[in-house]
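What follows is a set of notes on a single structure, which appears directly below.
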Amino acid sequence: MSGEDASPSTDEASKVESEVLISLKNAEIGYKNLSLVKNVNLEIRRGDFIAIVGPNGSGKTTILRNILGVLKPLSGKCEVKGTLGYSPQRSQLDPIFPFTAEEVVAMGLLGLEETAEEIDLAENSKRVAGALDSCGMLGFRDRLFRELSGGQKQRVLVARALVSEPEVLILDEPTNDLDLRGEHEVMELVRTLHEEGRTVVMVSHILHVVSRYAHRIALINGSELIVDDASGILTSERLGELYGIPISVFVAEDGRRLISSNSEGEVR
Amino acid sequence: MSEILETLEFFGANYVATLGIAMLCSYLGLFTVMRRIVFTGVALAQLAAAGVALSFFVADATWIGQSIRQFAKQYGAATGSLGLSLLGALGLQVRPHRNRSSPDAFVGLVYALASAAAILLVWRSSSGLVELRNILAGDVLLTETSELFFLWFGIVAVAVLHMVYRRQFLLCSYDPEFARVLGLPERRYQIMLLASLAVAVALALRASGLLLVFAFLVVPPLTGLAIGRRLGDSTRIAMASAMGSSLIGFVLAIGENLPVAPTIAVSMIAMLGLAKLSSFRAGLAKLTAWLIYASAIAALVTAFLVFPWPNLDESQAGAGAAGHAHGGGTGRAGPSLSELRQAAVAELVGSPDVEIRLKAALKLRTPQFQEIGSIRPFLGALQDDDARVQTEVLLGLKELSGLYRGRAMLQTIAAQYEEPETAFAAARVLAVLGDLEGLGHMVAMLGNEDFPLMSREELLEFLQTPSGGKDFGYDAFADPDENRKAIAAWKTWWDQARKGGLRWDAAAALFYPMNS
């Protein structure tokens with residue numbers, strides 16, 4: 001299945017009417033002369049919670065960078081109508097900089113300030129406090145960013161992405177290297193933000209997290225992008241074929257999925 | 001202490017300029033340290049040094065048009081250093097792709113190229129080489145008023161740029177991709193930041209030298225980061241420690257007659273050591289920070305005291321004569337280095353007061369004043385009545401002869417027989433420094449009829465030590481025809497002596513016959 005899901009669910013049918021904030025049309029994604037994903041057709045609508053998944057090096061982050069405008073598609077179109085808030089991977093940030101959580105969040109306002117005619121410092125300070133508060137990090141505002149736990153750091157980065165009040169929240173590997181508690185805290189925060197009306201685009205390779213939280217999943221399968229809900233995408237056959245190892249997918253009663261490699265060589 | 005302050009007054013304008021450079025470079029150094037591009041700072045400084053060398057090369061190149069050479073002489077050092085470092089800043093922005101070679105390797109390549117070019121370009125220029133030596137060794141020099149104006153203009157311009165764009169520079173350093181996502185012209189900010197570093201380094205280089213510029217870029221930021229909790233604290237501590245160390249360095253250098261730049265650098269490192277030791281206890285770190293702030297306040301108060309404030313009353317009354325560095329009355333920052341050197345030379349050769357002559361000799365020996373132009377006055381002062389002055393002058397000559405071209409200049413003077421006493425002094429200095437050519441010059445002088453008789457008598461006396469007491473029948477007071485045979489014998493002796501007939505006794509600073 002290539003491009004948009006051919007048989008949308010009832011929920012998705014209702015979304016068809018909603019506004020398209022991001023759209024990739026016949027886009028070829030890559031960098032320099034290296035093509036990673038071809039013929040990408042993807043529409044992200046207001047209120048979506050979509051996860052882009054795939055093996056390492058498949059082009060997940062490259063798609064994200066196209067959406068963010070940092071890269072351009074090799075061919076085709078990538079159109080973004082909504083405002084974006086971006087939370088990068090924590091490992092990109094050098095701990096030598098002694099920034100406090102508040103200072104890190106305030107960085108998110110620089111884009112607005114660059115275009116604003118007048119900067120209201122009091123309003124900015126209020127916004128920073130509000131963003132920290134919405135991520136449950138207001139009490140940590142004066143703590144050095146590098147001294148926070150992995151989960152706390154990620155929440156600060158989400159607050160930084162939110163401080164400019166964007167329409168779409170874009171998260172790059174938000175739960176990488178987090179323990180279970182950190183993973184839970186971050187993803188529950190993202191879920192809350194989504195429930196409050198934000199559109200969420202997330203890149204991850206942690207499949208059980210994706211299956212639990214994302215409403216739609218865009219899987220990079222070789223050089224094509226397949227978009228569906230978790231039940232359509234995260235099957236043992238498809239994942240086994242994609243990763244080249246036997247994979248088991250267990251579905252619990254509440255719909256959660258446990259995905260693991262199968263040491264006995266069975267594909268179930 | 002008052003004597004030290006008095007001497008510091010002498011260098012007032014330069015001391016204040018050093019504080020400006022200290023503040024600016026330590027602030028910018030925080031960016032280089034946190035971005036882990038310290039080596040880029042050094043490469044830019046080396047490029048600025050190569051720019052200075054290029055200006056000397058152009059000024060000396062006869063195949064280049066007169067107007068260009070004149071420009072190079074007047075403004076070449078400033079424009080050359082600024083131009084090359086700015087080009088370097090742009091070039092380092094387009095470094096090769098990370099996967100093919102390490103970015104550090106490219107910076108290293110630029111550094112090696114700039115270092116080699118700097119030396120090669122001035123290798124044949126005596127004044128350029130001295131200037132480059134000062135820049136590389138890191139001597140805090142007195143600079144001309146126009147250069148100080150240029151320096152302060154640059155310091156203020158870079159400071160204003162950073163006041164306006166500090167947060168943008170920080171974001172582009174910390175998270176460049178996020179800056180691009182926000183729509184900031186990240187590339188432009190990166191270039192502006194590196195260009196501001198290049199400008200600061202180029203301006204600071206000629207006033208403070210490579211060593212000090214590099215030390216300011218690295219050591220105070222490390223001190224700030226060691227005990228400053230937040231970036232604001234780290235910045236304040238870094239700038240304060242750079243200023244405090246400058247004061248301590250100047251005072252120690254003047255008190256102990258040490259070169260200023262390395263002394264300031266060592267003071268900075270000592271402060272960093274203190275900061276590192278105290279960083280393990282919050283209370284101690286706070287105390288160290290306050291001590292550093294106190295040293296910075298002392299540095300600022302000293303700057304206020306020693307700065308050559310223009311004397312408005314005198315300047316309004318039209319008192320225009322160039323005066324002493326402090327209160328000269330002309331509104332200029334102070335006399336130039338060459339003016340101060342000339343004043344010291346005049347004191348050395350002309351003052352009837354032995355203490356003044358001694359101070360002048362000491363002053364001309366300090367790294368700030370050391371220049372091969374002092375060789376002639378030193379040679380003249382070798383005949384001073386006072387043994388202490390003679391010793392200082394001889395030591396000064398020894399130091400100057402160690403410079404490239406210093407030895408060559410002594411050789412040239414020793415061959416200029418129109419000034420017999422100076423020529424003899426130069427030949428004697430060469431000989432006591434272990435240079436055989438000094439004896440050769442002396443043998444040649446024996447046959448010169450224009451040489452005063454007394455000088456020839458002295459020559460003979462000196463030559464009798466290496467010849468083992470022989471005079472070959474030479475008589476300074478005899479008829480030239482009678483000496484012809486003796487002079488031929490001396491020349492034969494010299495031909496044999498230069499082929500290994502002599503041994504050098506370093507302790508006695510004399511040549512002796514090989515078999516003695």
- Message: I'd like the Karplus ³J(HN,Hα) series for region B:492-502: coefficients 6.51, -1.76, 1.60, θ = phi - 60°, whole numbers in Hz, and an x wherever there's a Gly or Pro.
- Response: 5, 4, 5, 4, 6, 4, 5, 8, x, x, 10
- A:S35's amide H: which non-local residues (gap 5+, or another chain) put their own amide H closer than 5 Å, with H modeled 1.01 Å from N in plane and none for Pro or chain starts? none
- Would you list which lysines come within 27 Å of A:K60, measuring only between C-alpha atoms, while excluding same-chain residues fewer than 8 positions from it? A:K15, A:K25, A:K32, A:K38, A:K72, A:K77, A:K81, A:K153
- Task: Any chance you could give the angle, 0 to 90 degrees and rounded to 10, that helix B:38-60 forms with the longest Cα principal axis of chain B?
- Result: 40
- Message: Of the candidates A:G85, A:G222, A:G57, which one comes out as most mobile in a Gaussian network treatment of chain A with C-alpha springs shorter than 10 Å?
- Response: A:G57
- Message: For peptide B:226-232, what's the mean number of Cβ atoms from other chains within 10 Å of each residue's Cβ?
- Response: 3
- With a sphere of radius 12 Å drawn around the Cβ of B:R357, what net charge do the other residues whose Cβ falls strictly inside it have (Lys, Arg +1; Asp, Glu -1)? -4
- Query: In which sequence would B:V354, B:V160, B:V306, A:V156 go, from the one with the fewest C-beta neighbours within 10 Å to the one with the most?
  - Reply: B:V160, B:V354, B:V306, A:V156
- Length gained when the stretch B:L90-B:T492 is fully extended (0.36 nm per residue, less Cα-Cα span): 138.4 nm
- When A:R146, B:R236 are ranked with the fewest other C-beta atoms within 10 Å first, the list becomes A:R146, B:R236
- The computed P(r) of region B:202-272 puts the percent of Cα pairs beyond 22 Å at 20
- What is the total of Lys pairs in chain B with C-alpha atoms under 30 Å apart, excluding same-chain pairs fewer than 8 positions apart? 13
- Message: Using a Debye calculation, one point per C-alpha and no hydration shell, please list log10 I(q)/I(0) for chain B at q = 0.06, 0.09, 0.12 Å⁻¹ in order.
- Response: -0.38, -0.76, -1.12
- Taking Cα atoms, the helix B:12-34 axis meets the longest principal axis of chain B at an angle in degrees (rounded to 10) of 50
- Inter-site label distance for A:L121 and A:K77 at 7 Å from Cα along Cβ, in nm: 4.5
- Task: Using only the Cα atoms of the protein assembly as shown, construct the convex hull and provide its projected area averaged over every direction, in square nanometres to one decimal.
- Result: 48.7
- Query: Near the amide H of B:R503, under 5 Å away, which other amide H atoms are found, from residues 5 or more places off or on another chain, if H is placed in the peptide plane?
  - Reply: B:Y512, B:M514
- Rounded to the nearest 5, what is the percent of antiparallel bridges among the DSSP beta bridges in the protein assembly as shown? 60
- Query: For the Cα atoms of chain B, what angle does the longest principal axis make with the long axis of helix B:66-93, in degrees from 0 to 90, nearest 10?
  - Reply: 40
- Fewest to most neighbouring Cβ within 10 Å: what's the order for B:K286, A:K38? B:K286, A:K38
- Over its Cα atoms, what ratio of radius of gyration to 2.2 N^0.38 Å does region B:185-309 give? 1.13
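Throughout, read-outs are computed from the coordinates displayed, never taken from laboratory work. This one's a predicted model, so the numbers in the text were calculated from it and none came from an experiment. Methodologically, a virtual Cβ is constructed for each residue, glycine included, from the backbone with ideal geometry; neighbour enumeration extends over all protein chains shown.
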